[in-house]
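Just so it is clear, none of the values below were taken in a lab; they were calculated from the coordinates. Bear in mind the structure is a predicted one, so any value in this text is a computation, not a measurement. Please note: Cβ atoms are built from the backbone with ideal geometry, for glycine as well, and neighbour counts cover all protein chains shown.
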Ligand SMILES: [Zn+2]
Ligand SMILES: [Zn+2]
């Protein structure tokens with residue numbers, strides 16, 4: 001049986017299988033990861049039980065727990081996604097530490113693993129090399145993918161992803177080394193402590209910890225399912241990812257997915273922001289961080305610059321002078337596209353916070 005390491009290239013050609021047959025054969029070999037089935041079933045049972053604590057919770061407790069949805073969500077959206085996966089802005093050390101801690105609160109796998117898999121997702125979107133390939137259906141893209149071994153094409157693609165920037169970030173490496181202690185502290189300890197100061201540590205643990213963790217998991221998964229299947233596609237009609245307000249509300253601004261897949265290195269992950277009719281609290285958070293001096297070098301798409309800075313819808317109308325202006329402080333799409341194609345010198349490891 002082919003292994004993940006020997007399946008690069010056209011292993012199946014000798015067996016005279018069509019590409020589609022080979023794809024289905026490889027899918028059939030994806031064994032179920034029973035530890036994940038057990039863990040995530042347990043998480044969901046505990047989250048359902050946590051709801052029994054709602055009737056006796058104070059308004060302050062409910063608001064505190066709901067606020068952790070946003071805070072832990074930012075650890076994914078502003079942190080693992082826009083900062084570490086796409087390098088769409090730069091952050092000084094204190095902000096990177098803060099976002100790393102929020103990321104541990106979200107408990108969705110460490111930053112290194114999350115960013116590597118997300119880069120793989122963008123590179124092979126809607127193919128077998130996509131970890132949560134939406135062409136395999138809603139439930140596979142939402143959470144089903146977690147219960148299966150990765151498709152061989154995902155392994156192969158993951159090894160080609162350039163992760164040197166992640167390896168060279170001590171904050172990312174520290175989190176990977178101390179991931180579970182950091183999760184224990186941030187995902188469960190902080191909510192319990194907050195609950196204690198609001199009158200009931202147990203309410204904080206169950207609502208701000210157990211329930212909020214599973215809730216934010218689903219909010220993130222909505223990006224992979226809903227936003228890859230439902231919505232408008234004004235920026236690139238030829239791709240699956242779509243503009244979806246529901247997902248943007250769920251995932252604090254990550255639902256403008258047609259724009260994001262078309263311009264993945266744009267820090268806003270949408271054309272517009274709050275105040276212009278686009279619900280995107282993560283963009284607002286990054287903008288505030290820039291004002292506070294914690295972040296810098298926000299990158300915007302070529303499309304955005306031509307339309308909003310130069311005042312024309314047509315990139316062809318951009319003059320040479322405008323192109324020069326556009327070089328700083330942003331990076332052009334052409335350059336960012338080139339950067340994403342660079343092969344890795346240090347291939348991605350196979351370590352995983354959740355076994356896969
Ligand atoms: Zn996507
Ligand atoms: Zn992305």
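Does the range 239-246 contain any residue that is more than 18 Å from residue 134 (Cα to Cα), touching a residue at least 40 places away in the same chain (Cβ under 8 Å) and either surrounded by 20 or more Cβ atoms within 10 Å (Cβ to Cβ) or more than 12 Å from ligand 1 (Cβ to nearest atom) (or both)?
Within the range 239-246 (the criterion being more than 18 Å from residue 134 (Cα to Cα), touching a residue at least 40 places away in the same chain (Cβ under 8 Å) and either surrounded by 20 or more Cβ atoms within 10 Å (Cβ to Cβ) or more than 12 Å from ligand 1 (Cβ to nearest atom) (or both)), the answer is no, since none of the residues qualifies.
Does residue 195 fit the bill of being out of contact with any helix residue (DSSP H, G or I) (no Cβ under 6 Å at 6 or more places or on another chain) and either in a helix (DSSP H, G or I) or surrounded by fewer than 17 Cβ atoms within 10 Å (Cβ to Cβ) (or both)?
No; evaluated as a whole, the condition is false for this residue.
Taking residue 256 and the conditions (1) more than 12 Å from ligand 2 (Cβ to nearest atom); (2) closer than 23 Å to residue 67 by Cα; (3) without any contact (Cβ under 8 Å) to a residue 60 or more places away in the chain; (4) touching a helix residue (DSSP H, G or I) at 6+ places or on another chain (Cβ under 7 Å), which numbered condition does it fall short on, given that it satisfies the others?
(1)
Report whether or not residue 205 is away from ligand 1 (no atom under 16 Å from the Cβ), without any contact (Cβ under 8 Å) to a residue 60 or more places away in the chain, more than 22 Å from residue 63 (Cβ to Cβ) and in a helix (DSSP H, G or I).
When the stated conditions are applied, residue 205 does not pass them.
For the range 114-165, which residues satisfy the criterion of being over 22 Å from residue 102 (Cβ atoms) and within 12 Å of ligand 1 (Cβ to nearest atom)?
120, 122, 123, 124, 125, 126, 130, 131, 132, 133, 134, 141
So that you can scan it fast, the table gives a plain yes or no per residue for (1) under 18 Å from the mean Cα position of the chain (by Cα); (2) more than 14 Å from ligand 1 (Cβ to nearest atom); (3) within 22 Å of residue 100 (Cβ to Cβ):
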site: 178; (1), (2), (3): no, yes, yes
site: 193; (1), (2), (3): no, yes, yes
site: 215; (1), (2), (3): yes, yes, yes
site: 223; (1), (2), (3): yes, no, yes
site: 229; (1), (2), (3): yes, no, no
site: 232; (1), (2), (3): no, yes, no
site: 235; (1), (2), (3): no, no, no
site: 248; (1), (2), (3): yes, no, no
site: 264; (1), (2), (3): yes, no, yes
